[in-house]
Amino acid sequence: MRTMPGNGVPAPALLAMPPFEAGARQGRLRQYQLQLIERVQAARSGALAARKELGVTLAGRCCLLDLTQLGEIVIPTGVQIQGVPLAQDWYLGLAAMRGRLTAIIDLARYMGEAACAAGSDSRIITFSPRLGMNCALLVERVLGLRQQRGMQAMPSQNAPPWAAQTLRDSEGQQWLRLDLAQLAQSARFLDAGFAGAATRKDDH
């Protein structure tokens, strides 16, 4: 398994696999990605009314992302991430995506959890252009669309505004709903440099 340049984060790779099998697997991954993107785009138009959101896992925790705040879902294979000196450990670096330099963030690490273990199930999810930030999140797994309707709100304590809502579905699974628009305005999130400096708390 190879690592992403400059940060030591492992990147998915096809090792010791015949060319035919490797090509077939890549083809299936691309097909899955296209199907998921199509479902996300189809649901986005009615997302506000139906409250459909994208479920992902971060450090083993189930989280919900607002579809209207998302751009693309990208398979990390082949994405070259260039590390940035003195950056925080959650700032993995920059990658050229669709001709634009995009900051890649390990949101699990930003939240104080273990670094995201990049693997065959991990994905890079870009921010919507309307958020005004060329940024993307590395997540462990995409769980597909989830219906917020019917979920019950649970109390959250000492949580920043962008991660202040916890929900529980009918099966008892807890979900942390993340607001990327508020995250993008957080002073700590905007200050990714100087890993040795004291960490500032999120704005409230």
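The values are calculated or read from the model by the stated rules, or taken from the named source; none is laboratory data. It should be emphasised that the depicted structure is a prediction, and the values quoted were computed from it without experimental measurement. All Cβ positions, glycine included, derive from the backbone under ideal geometry; neighbour counts span all protein chains shown. Heavy atoms of the whole protein, side chains included, go into the accessibility calculation; ligands, DNA and RNA do not. Shrake-Rupley method; radii C 1.70, N 1.55, O 1.52, S 1.80 Å.
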*Looking at this structure, is Ala49 open to solvent by less than 30 Å² (accessible area, probe 1.4 Å), at pLDDT below 65 and farther than 24 Å from Asp191 by Cα?*
no
*Within the range 164-183, is there a residue that is open to solvent by less than 80 Å² (accessible area, probe 1.4 Å), touching a residue at least 40 places away in the same chain (Cβ under 8 Å), of a type in the set (D, E, K, R) and under 17 Å from Ala108 (Cα atoms)?*
yes
*Subset tally (residues that are farther than 24 Å from Ser186 by Cα, touching a strand residue (DSSP E or B) at 6+ places or on another chain (Cβ under 8 Å) and in a loop (DSSP other than H, G, I, E, B)) for the range 99-147*: 5
*Does the range 154-163 hold any residues that are in contact (Cβ under 8 Å) with a residue 12 or more places away in the chain and either under 19 Å from Gln182 (Cα atoms) or in contact with a Cys (Cβ under 8 Å, 6 or more places away or on another chain) (or both), and which are they?*
Pro160, Pro161, Trp162, Ala163
*asked:* Within the range 86-98, does at least one residue satisfy the condition of being in contact (Cβ under 8 Å) with a residue 40 or more places away in the chain, part of a loop (DSSP other than H, G, I, E, B) and either surrounded by fewer than 17 Cβ atoms within 10 Å (Cβ to Cβ) or within 11 Å of the chain's Cα centre (by Cα) (or both)?
replied: yes
*Take the range 99-110 and flag every residue that is of a type outside the set (Gly, Ala, Ser) and either open to solvent by 60 Å² or more (accessible area, probe 1.4 Å) or under 12 Å from the mean Cα position of the chain (by Cα) (or both).*
Arg100, Leu101, Ile104, Ile105, Asp106, Leu107, Arg109, Tyr110
*Just one of the numbered conditions (1) in contact with a Leu (Cβ under 8 Å, 6 or more places away or on another chain); (2) farther than 15 Å from Arg141 by Cβ is not true of Pro76; which one?*
(2)
*Using beta carbons and a limit of 7 Å, which pairs, at least six apart or on different chains, have the first residue in the range 51-71 and basic (Lys, Arg) and the second one surrounded by fewer than 20 Cβ atoms within 10 Å (Cβ to Cβ) and in a loop (DSSP other than H, G, I, E, B)?*
Arg51/Gln148; Arg51/Arg149
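So that you can scan it fast, the table gives a plain yes or no per residue for (1) closer than 15 Å to Leu178 by Cβ; (2) among the aliphatic types (A, V, I, L, M); (3) at pLDDT below 70:
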residue	(1), (2), (3)
Leu34	no, yes, yes
Cys62	yes, no, no
Ile73	no, yes, no
Gln80	no, no, no
Leu86	no, yes, no
*Limited to the range 53-83, what total is found for residues that are at positive phi and surrounded by fewer than 17 Cβ atoms within 10 Å (Cβ to Cβ)?*
2
